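Worksheet: the structure to be examined is printed underneath.
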């Protein structure tokens with residue numbers, strides 16, 4: 001699971017960040033669905049602009065791609 005929270009008016013991915021936040025599964029489709037359903041601002045109980053949500057998606061994708069094991073393709077690890 002990945003924790004996000006609102007820090008100084010920015011949505012950040014940080015397990016240690018204080019304040020209101022939420023959790024997402026470690027899957028890019030999960031984050032995209034959360035943005036589409038407006039779950040990010042609802043979880044944070046704050047306004048989050050479309051631009052901020054796009055930045056969040058980019059950071060989320062970058063983070064999970066760095067954490068992903070090298071599998072040599074799109075197949076799930078065995």
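Read the figures in this text as sums done on the coordinates, not as results from a lab. Keep in mind it's a predicted model, so treat the numbers as computed, not measured. No Cβ is skipped: glycine too gets one built from the backbone with ideal geometry, and neighbour counts run over all protein chains shown.
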Can you name every residue in segment 1-15 that is surrounded by 12 or more Cβ atoms within 10 Å (Cβ to Cβ) and in contact with a strand residue (DSSP E or B) (Cβ under 8 Å, 6 or more places away or on another chain)? 2, 3, 4, 5, 6, 11, 12, 13, 14
For segment 3-56, enumerate the residues that are within 13 Å of the chain's Cα centre (by Cα) and in a strand (DSSP E or B). 3, 4, 5, 6, 10, 11, 12, 13, 21, 22, 23, 24
